[in-house]
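Notes for the one structure printed next.
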Amino acid sequence: MYHKEKSIQIKNSASALYNNLSVLRIAPRSLTYFTVVHANVVNMVSASWDGLNYSHRQLQSKEPNVATSTSLIMQAAWCVLPSRDLLVLTSQKGIQMYESDGSIMVYWHALDTPETPTAQAVFARGIAAVREKYICVGVSSGAMLVFDIPTKGSNITLAEVLEEHKESITDMASECSGSLECIADLVSADDAGNLCVWKSGEEFQLLNKIPGFDMCCSSVKLWKGTVVAGYGTGQIRLYEAVTGILHAEVSAHARWIYSLDIAPFSGLLLSAAEDSLVRVWHLTQTPETNSVEIAHMYNECVTDTQICGAKFCDGDGYAFAVTGYDLSEIIRYTQT
Amino acid sequence: MSMRTLPLVFINLGGEMLYILDQRLRAHNTSEDNSDKGVWSENDRKRVMNDIVGTMFSKAFMDELLKPQQLYSHRTLKTVLTRLAHASIMRLNPASMDRLYELMVMAFKHQVLLCPRPKDLLLISYNHLDTVREFVKDTPAAVNQVDETHRRIIETYGLLSEGELQLLRQTLLIFFQDMHVRVSLFLKDKVQNPNGRFALPASGPVPHGIEVPGLIRMFNSKGREVKRCEFPTGGSYSSSIRQGSFELHGDRVVRLGRNMYSVCHPEETHTSKPPSVKTDDSPNLLAKEELNLLARLMGCMKVENVQRSGTGFRINLFSTDKEEEEAGASGADDSMFGVINIQAMQDVQASTELARIAGEFADLPENPSGSKGDDLLAMMDDL
């Protein structure tokens, strides 16, 4: 179904962090951007579609104009909003937002770090763009920060803090089908596997809470009202977001799942885990019976590699990219 | 990232160090070539083990480690581990310590990478504790210290969630990132590939609590299973076996962290760097904080005062001084194999000098300020 293409070399190897790959497709310029986190640095590569031009950039996490040491970065992801795209970095120190090419930092939010270190780690993790004007970011305490994003400029403000989760946020995802009919806009996941489903607005509204079984949910997606969640047990579960009804459960991987992605136009699902495997699935919805089915399509083994990031490069799932711990390349696959 | 890595780092790295030293000291006893070498008796070996274990598992040292703090640099860790080794009558020169450190770190990296579940990091640590307990079993005081440390570890880590333990594991993996030193024992057993990367098996039992991949189950809105189908997995996994014991004693089941040197021949264990070796020259911005930690840890350690008669034992991990120098100089030469081969040399001058320097550390105040901190670092470089 897929064959391997030429890999993209990156300046540093990928760190073992959940969802450690973000992809931004820029059709008007025939470019695709990729970001991969390495400890305290984000490696950004811009690749032209003809495969001839690559340019690299590195970003670090620190307060602007302050020469203090950098901190470890937990995640980097692009947030696509109608008016603009922003690159968001979350670290032990705080949250940074850049223009999509990483050239200018437009916003910095510092996390409250205690004077003397406590046993509980402090960091931000979990990034999602929601509807027209929000970017949500999760925190290790379980809190979720909702930022109000203007159509241009740096007048970004913290609009709300949602405190529903009690464990560290692991990942967040907004409805990606583009459908305006879906009630649920956002799903958030935490270390205990609990999932919260939200409706965005002036005040975000909690629609549903789906309990975990003390098993970490490391990656989550929301598509056509269905939550797709990947767990440390290697399982994938499909839930109806608003009701919490379990549609399907897959014993997908033999190790911790690190990344999930959905191609919204085709319903293809990508799962990647520490067991070296990337699997492609197909989701089908039957509105009449209100059911969602999942079928297995394809496997790809990245030998001797614990995969930490896997993303489709386009909305149909024609191509996908993969990163692995200690690997200094982005491996790419396209459909045959 | 995680603030609780240090205790596990020391137990596991320290454990690996003791495994290697134990094996080398035993090998020395059975070595055929007696020229140039002093003799390490059974008592000498036990004494070295007791001294190092006594220092590493002392309450004061463990108290420092158990405080929530970031994981510091390789440089700091190496310095503390060198000092721990020097808590005994043994002396290691910098080149030997470098090689020893590489071996220890690669072994621990392998264990952390292949750790089946994050929780099994504790079983790996307990494997190290179990073996260390064996090393000092004839000294009740040392056994008590190991037991007490073990209890504190159970208490501190026993309640952490899988997610928190995975964060700890991820912090360790960042620490080990980009280290691909080839270890001959690993290469021989096909645990490591020639390019220095570890082999990840796609078969065997799944970790405890995980289901064998291959099954899709679909449910109706009432929660009843309505359809079941299988998919091809591309691996050959079997069901998990029983879970290991997280108590003070018991079958750990997980084999990672056991003494892999006890079964092999007491010969050379080569380490070599893969062709593209990059040294990290970036300035360490945490230097001052790390020096403070270093000073506190050093303050907890007593130094074995070499007797007036001056018979200290210097350990080379290479067979001649010339090779020691060459090893220090070379870096990018990928065909250079360092043979780790301990020999004890009676070097009166070296041991008295070291004892004097070590004695100075014991008197160091809690917080060296400004230039004093820089002097400390300079002193380290001279070691």
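The values are calculated or read from the model by the stated rules, or taken from the named source; none is laboratory data. All values derive from a computational prediction rather than experimental measurement. Glycine gets a Cβ as well: all are built from the backbone with ideal geometry, and neighbour counts include every protein chain shown. Note: areas computed on protein heavy atoms with side chains; ligands, DNA, RNA excluded. Shrake-Rupley method; radii C 1.70, N 1.55, O 1.52, S 1.80 Å.
Let me check something: with ligands and nucleic acids excluded, how do A:THR289, A:THR284 order by accessible area (1.4 Å probe), largest to smallest?
A:THR289, A:THR284
Count the lysine pairs in chain A that are 8 or more places apart or on different chains: how many have C-alpha atoms under 18 angstrom apart?
Qualifying lysine pairs in chain A: 12.
If you stretched the chain out fully between A:LYS166 and A:ILE183, how much longer would it get, using 0.36 nm times the residue separation minus the C-alpha to C-alpha distance? Please report the intermediate quantities before stating the final value.
Values: separation 17, 0.36 × 17 = 6.12 nm, distance 2.45 nm.
Going from the current span to full extension adds 3.7 nm.
Report the gain in length on full extension from B:CYS229 to B:ILE154: 0.36 nm times residue separation, minus Cα-Cα distance, nm rounded to one decimal.
Details: separation 75, 0.36 × 75 = 27.00 nm, distance 4.14 nm.
Residue separation times 0.36 nm, minus the Cα-Cα distance, leaves 22.9 nm.
Please give the net charge around A:ALA184, taking every other residue with its beta carbon less than 9 angstrom from that of A:ALA184, where Lys and Arg add +1 and Asp and Glu add -1. Show your work: numbers first, answer last.
On the way: positive: A:LYS199; negative: A:GLU175, A:ASP185.
With Lys, Arg at +1 and Asp, Glu at -1, the neighbours total -1.
Quick one: with all protein chains in place, what share of the accessible area of chain A is carbon or sulfur, to the nearest percent (1.4 Å probe)? Please report the intermediate quantities before stating the final value.
On the way: 5860 of 12000 Å².
C and S fraction of accessible area: 49 percent.
Sorted by mean Cβ packing within 10 Å, highest first, what order do the peptides B:9-20, B:126-137 take? Working shown, then result.
Details: B:9-20: 23.7, B:126-137: 20.8.
Put in order of decreasing packing, that is B:9-20, B:126-137.
Counting only GluC sites (Glu not before Pro) that sit in a DSSP loop (anything but H, G, I, E, B) with at most 13 other Cβ atoms within 10 Å, what is the longest stretch of chain A containing none of them?
Values: sites that count: A:GLU5, A:GLU115, A:GLU132, A:GLU163, A:GLU181, A:GLU202, A:GLU203, A:GLU288.
Formally, the longest exposed-site-free interval is A:6-114.
What does the structure give for B:153-166 when I average, per residue, the other chain Cβ atoms found within 10 Å of the residue Cβ? List each step's numbers first, then the result.
Working: counts 0, 0, 0, 1, 0, 0, 0, 1, 9, 10, 14, 8, 2, 9.
Shielding by partners across B:153-166 averages 4.
What are the residues whose amide H is under 5 Å from the amide H of B:ASN193, where those residues sit 5 or more places off or on another chain and H is modelled from the backbone?
The answer is B:PHE198, B:ALA199.
Sort the following peptides by mean Cβ neighbour count (other Cβ atoms within 10 Å, averaged over residues), highest first: A:204-214, B:48-58.
Numbers: A:204-214: 15.5, B:48-58: 22.9.
Going by the mean number of other Cβ atoms within 10 Å, highest first, we get B:48-58, A:204-214.
With the Cα gyration tensor of chain A giving a ≥ b ≥ c as the square roots of its eigenvalues, does the rule (a/c under 1.5 for rounded; else a/b larger than b/c for prolate; else oblate) give rounded, prolate or oblate? Write down the numbers at each step before the final one.
Working: a/c = 1.35, a/b = 1.07, b/c = 1.26.
Rounded.
Quote the total accessible area buried by chains B and A together, excluding ligands, DNA and RNA, probe 1.4 Å, nearest 100 Å². It would help to have the intermediate numbers written out before the result.
Details: alone 19390 and 14180 Å², together 29250 Å².
So the total buried area for this chain pair works out to about 4300 Å².
Using only atoms on other chains, find how many Cβ atoms lie within 10 Å of each Cβ of peptide B:215-224 and report the average.
Values: counts 5, 11, 7, 10, 7, 6, 8, 1, 2, 0.
What the average comes to for B:215-224 is 6.
Below 13 angstrom from the Cβ of B:LYS227, what's the summed charge of the other residues (Lys, Arg +1; Asp, Glu -1)?
On the way: positive: B:ARG217, B:ARG224, B:ARG228; negative: A:GLU249, A:GLU293, B:GLU225, B:GLU230.
Cβ neighbours under 13 Å give a net charge of -1.
Fully extended, how many nm does the chain gain between A:GLN58 and A:GLU203 (0.36 nm per residue separation, minus their Cα-Cα distance)?
Numbers: separation 145, 0.36 × 145 = 52.20 nm, distance 3.57 nm.
Extra length available between A:GLN58 and A:GLU203 comes to 48.6 nm.
Given the protein chains as shown and a 1.4 Å probe, how many square angstrom of B:HIS74 are accessible, to the nearest 10?
Counting only protein heavy atoms, B:HIS74 exposes about 50 Å² to solvent.
Between B:ARG242 and A:VAL80, how many nm apart are label points set 7 Å from Cα along the C-beta direction?
5.3 nm
Have a look at A:ILE127, A:LEU207, A:ALA321 and report the one farthest towards the positive end of the charge dipole of chain A, computed about the Cα centre with Cβ charges (Lys/Arg +1, Asp/Glu -1).
A:ALA321
Keeping every protein chain present and rolling a 1.4 Å probe, give me the accessible area per residue for chain A in Å². Working shown, then result.
Details: 12000 Å² over 336 residues.
Dividing the accessible area of chain A by its residue count gives 36 Å².
Within the range A:290-315, list the residues whose amide N lies under 16 Å from a label point set 7 Å along Cα→Cβ of A:ALA27.
Only A:313-315 pass the distance filter.
Any idea how far apart A:ASP148 and A:ARG131 come out in nm if each label point goes 7 Å out from Cα toward Cβ?
1.3 nm
What does the charge count around A:ALA128 come to, taking other residues whose C-beta lies under 11 Å from its C-beta (Lys +1, Arg +1, Asp -1, Glu -1)?
On the way: positive: A:ARG131, A:LYS221; negative: A:ASP171, A:GLU175, A:ASP185.
Its environment carries a net charge of -1.
Provide a whole-number value for the mean count of partner chain Cβ atoms within 10 Å of the Cβ atoms in peptide B:228-236. Mind dumping the intermediate values first?
Values: counts 0, 4, 2, 10, 3, 9, 8, 7, 0.
That average works out to 5.
Taking 2.2 N^0.38 Å as the expected size of a compact globular protein, what ratio does the Cα radius of gyration of the range B:77-215 give against it, to two decimals?
Dividing the Cα Rg of the range B:77-215 by 2.2 N^0.38 Å gives 1.22.
Apply the Karplus curve 6.51 cos²θ - 1.76 cosθ + 1.60, θ = phi - 60°, to the phi angles in the range A:12-18 and return the couplings in whole Hz, x for Gly and Pro.
Karplus-based 3J(HN,Hα) across the range A:12-18 equals 10, 7, 7, 8, 7, 10, 4 Hz.
Over the range A:173-331, what portion of Cα pair distances is larger than 23 Å, expressed as a whole percent? Before the final figure, lay out the partial values.
Values: 4297 of 12561 pairs.
So the portion of pairs separated by more than 23 Å is 34 percent.
Obtain the nm distance between the two label points defined at A:SER103 and A:TRP49 by a simple spin-label model: each point lies 7 Å from its Cα along the Cα-to-C-beta direction.
Each label point lies 7 Å from its Cα, and together they span 2.2 nm.
Ranked from the most accessible area to the least, with a 1.4 Å probe and all protein chains present, what is the order of A:ARG332, B:ARG228?
Numbers: A:ARG332 50, B:ARG228 135 Å².
Most to least solvent-accessible, the answer reads B:ARG228, A:ARG332.
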